[in-house]
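Notes follow once the structure below has been shown.
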Amino acid sequence: MIPARRVYIETYGCQMNVADSELMFGLLGREGYVRTEQPAEADVLLVNTCAVRDNAEQRVIGRVGELQRHKRAGGVLGVVGCMAQRLGPKLLEQVPRVDLVVGPDGYRNLAQLIDIAASGQRVADTEFRAWEHYEDVPPVREKGPTAFITVQRGCDYRCTFCIVPQTRGPERSRRLADVVGEVERLAGQGTSEVTLLGQTVNSYHDGEHDFADLLSAVGRVNGVRRVRFTSPYPTDFTPRVVEAMAITDAVCEHVHLPVQSGSNVVLRRMLRRYTRQRYLEVVAALRAAIPGITFSTDIIVGFPGETEAQFEETLSLVAEADFDDAYTFKYSLRDGTPAVRLPGHVADEVGSERLARLIDTVRRNARRKSLARVGEMHEVLVERRAKRGELMLARTRTNHLVLVDLPAQTVGEYHRVRLTGTTGSTFIGTVVTPALAVL
Ligand code: SAH
Ligand code: F3S
């Protein structure tokens, strides 16, 4: 008997890439592949990539160089995901040891393409398949209490800085019944928290049902105690969606709501479809409907033409929106995006200096909020052992991480804890009641 071929996948970028890698393990598993965590043992090495910023791509190029060492005779080294889609066959020219380049809509053919590459013919597949949902492919996930579920692929928005519409193609939503079926299967295996994924996830529409319907349906699944989603688009929070969030108990009190900038001039040039005021109205509507809700965001500094005064509007927005956390980025020019043509290049040192000031503002705001939370009681889900020490890492519904002194077998359990201290972002907590049964 021929031994099973072993595949190693390394994943970069967003949660959707994590979900896509799980999908690839599912697809290749059907073809008889087994998974390995050791590149040195693998027959097939895949790097699932991100193209959103240049530094993400540079890291991948570096990593591909390192992984070459592990490529054996007849083995295959492939680049998949958004960078593969963006560069396509050019990547084969630029990186001679890469055998295979496959974009996010091409995974169904992955095993076939690997066979072609293994026979010595280098291949690229970067076709968009707007119908592709991989509906029949059960993803192979790490077993655990939490799971990511892709409900929408692609993006129809055209933010001028963003390469995603070109790497992930047009927006399409999975059918509600299919998503619910997957959640039911996961819940049956002990998963109690699901995160629904899409680039503008709250614009979800399967032709019949909108995101409000999806939240209610997923929230009703037996065994599901927590529902999260990422990332929503500010103006897609219709009153129906806000109401569904408010009345669906499982929907957690946290929203990651990318704002990108606090300046209306910059927002317009980014082709974001809201003003600062409109964004703040959305935040206020969510706060009014969902007591205790917390917000995190994405912010870009140094977008073409951004002035010091406009940047300061972003700083003041951090305080005004009162974010609990923010992912902050220096603008990275992406070939093929509309922003390439915008005048007003911001010098790299200016961008770096703005980024440092923004991070400082975000941290100070988060720290002030965290200190004020010490003493609060929260329900936490124990996720895993903390990196150092004997403590376990747990998460509140509001998306705060709490270190708690619990035994390792409590993974997947819900406990009530009192927050007793904070580092400014992470909390220390003590358990105040025994484990709550899962529903
Ligand atoms: N709609 C997706 C956005 C994907 S990109 C989502 O909300 O998940 C994730 C984040 O990367 C964006 O919100 C933006 O803040 C940042 N980003 C995207 N393109 C960028 C660029 N060219 N330079 C810097 N940051 C960028
Ligand atoms: Fe990108 Fe804007 Fe879509 S950030 S993923 S084009 S909503």
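For the reader, a short list of remarks on this structure follows.
- Here the gap between Leu342 and Asp178, fully extended at 0.36 nm per residue and compared with their Cα-Cα distance, gives a gain of 54.8 nm.
- For the stretch 256-274, the residues whose amide N sits under 13 Å from a probe point set 7 Å from the Cα of Glu320 along the beta carbon direction are 261-267.
- Computed accessible area, Ser425, all protein chains, 1.4 angstrom probe, square angstrom: 80
- Kirkwood radius and radius of gyration were both taken over the C-alpha atoms of the stretch 176-251, and their ratio Rg/Rh is 0.94.
- Cα gyration tensor shape for the stretch 377-438, rounded if a/c is under 1.5, else prolate or oblate: oblate
- With both residues required to sit in the stretch 146-373, DSSP beta bridges show an antiparallel share near 10%.
- Rounded to whole numbers, the Karplus 3J(HN,Hα) couplings from phi for the stretch 311-317 are 4, 5, 5, 5, 4, 6, 5 Hz, using 6.51 cos²θ - 1.76 cosθ + 1.60 with θ = phi - 60°, and x at Gly and Pro.
- With K and R counted +1 and D and E -1, the other residues having a Cβ less than 14 Å from that of Val318 yield a net charge of 0.
- Each label point was placed 7 Å from the Cα along the Cα-to-Cβ direction; for Glu208 and Lys90 their separation is 4.3 nm.
- Using a cutoff of 8 angstrom between alpha carbon atoms and counting only pairs six or more residues apart, the relative contact order for the chain works out to 10 percent.
- Relative contact order, percent, the stretch 32-165 [alpha-carbon distance under 8 Å, six or more residues apart]: 20
- DSSP-defined antiparallel bridges as percent of all bridges, the chain, nearest 5: 35
- Added length on full extension, which subtracts the Cα-Cα distance from 0.36 nm per residue, Ala289 to Arg357: 21.2 nm
- Cα gyration tensor, the chain - rounded (a/c under 1.5), prolate or oblate: oblate
- Thr195 long-range amide H proximity, modeled H, under 5 Å: Ala147, Phe148, Ile149, Arg228
- Computed from label points 7 Å out along Cα-Cβ, the spacing between Glu253 and Gln112 is 5.1 nm.
- Two-site label geometry, Trp131 and Arg416: point separation in nm, points 7 Å out along Cα→Cβ: 5.3
- Accessible area in the full protein assembly, largest first, 1.4 Å probe, for Ile247, Ile428: Ile247, Ile428
- For the stretch 159-211, fraction of C-alpha pairs farther apart than 16 Å, in %: 53
- Mean ellipticity per residue at 222 nm, deg cm²/dmol - from DSSP H runs of n ≥ 4 across the chain, formula -39500 (n - 2.57): -10000 deg cm²/dmol
- Those lysines that a straight Cα-Cα span of less than 28 Å connects to Lys369, excepting residues fewer than 8 apart in one chain: Lys330, Lys387
The values are calculated or read from the model by the stated rules, or taken from the named source; none is laboratory data. As the structure is a prediction and not an experimental result, all values here were calculated from the model. We place every Cβ from the backbone using ideal geometry, glycine too, and count neighbours over all the protein chains shown. Areas reflect the complete protein model, heavy atoms only, side chains present, ligands, DNA and RNA absent. Shrake-Rupley method; radii C 1.70, N 1.55, O 1.52, S 1.80 Å.
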